[in-house]
Amino acid sequence: MKSILKICLYAVALMLISKCVDPVYYIKINNQTTSDISVLPGCKPYAGNQYPDTTLPLEKPFYLMRISKNNSGALESNIPWNEKINLLPSDTLSIIYFVADSVDLVPWEKIRSKYMIFKREVYSSEDLESNNWTITVNN
């Protein structure tokens, strides 16, 4: 009797856990530059300002994704990216790229005041979908 109860409890626990796991959607970013980059998307939960605001956040964002040169990284979302982007102002995702060493070595206030970015790009969901949700960053 105890073993049947254990099996039932185990089965219920597995069902609850499997229902709690959200699907994950990705935007792949290929870094084809000559240095490591840090990536700051303008959407939640990443803390970058949303397009059309091109300013940098007052405080250094907690999460800046670092991608080594000639490597890839991925932005994650628990809802499809086209839905997430369509909820943003202007239906546009802004991503700011930094040289990673600058973000590591230079105080954020100086990066912010001097606008020390590598580049800023904007993407519609159509742009990203047509590129199979992949962005390539070049010099």
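The values are calculated or read from the model by the stated rules, or taken from the named source; none is laboratory data. None of these values were measured; they are calculated from a predicted model. All Cβ positions, glycine included, derive from the backbone under ideal geometry; neighbour counts span all protein chains shown.
In this structure, does L40 turn out to be surrounded by 13 or more Cβ atoms within 10 Å (Cβ to Cβ) and at pLDDT 90 or above? Lay out the reasoning, then the answer.
Numbers: surrounded by 13 or more Cβ atoms within 10 Å (Cβ to Cβ): yes; at pLDDT 90 or above: yes.
Here the answer is yes, as L40 does meet what is asked.
When you go through A47, A13 one by one, which is the residue that is modelled with pLDDT under 90, among the small types (G, A, S) and part of a loop (DSSP other than H, G, I, E, B)?
Numbers: A13 fails: part of a loop (DSSP other than H, G, I, E, B).
One residue alone meets the criteria, A47.
Search the range 66-81 for residues being among the hydrophobic types (A, V, I, L, M, F, W, C) and not in a strand (DSSP E or B), and hand back the single one that is farthest from Y26 (Cα to Cα).
Of everything passing the filter in the range 66-81, I79 is farthest from Y26 (Cα to Cα).
Determine whether I79 is crowded, with 16+ Cβ neighbours inside 10 Å and either modelled with pLDDT under 95 or in contact with a helix residue (DSSP H, G or I) (Cβ under 8 Å, 6 or more places away or on another chain) (or both).
no
Of the residues that make up the range 131-139, is at least one among the polar types (S, T, N, Q), surrounded by 17 or more Cβ atoms within 10 Å (Cβ to Cβ) and not in a loop (DSSP other than H, G, I, E, B)?
The answer is no; no qualifying residue exists.
Consider the range 82-119. How many of its residues are part of a helix (DSSP H, G or I) and of a type outside the set (A, V, I, L, M)?
16
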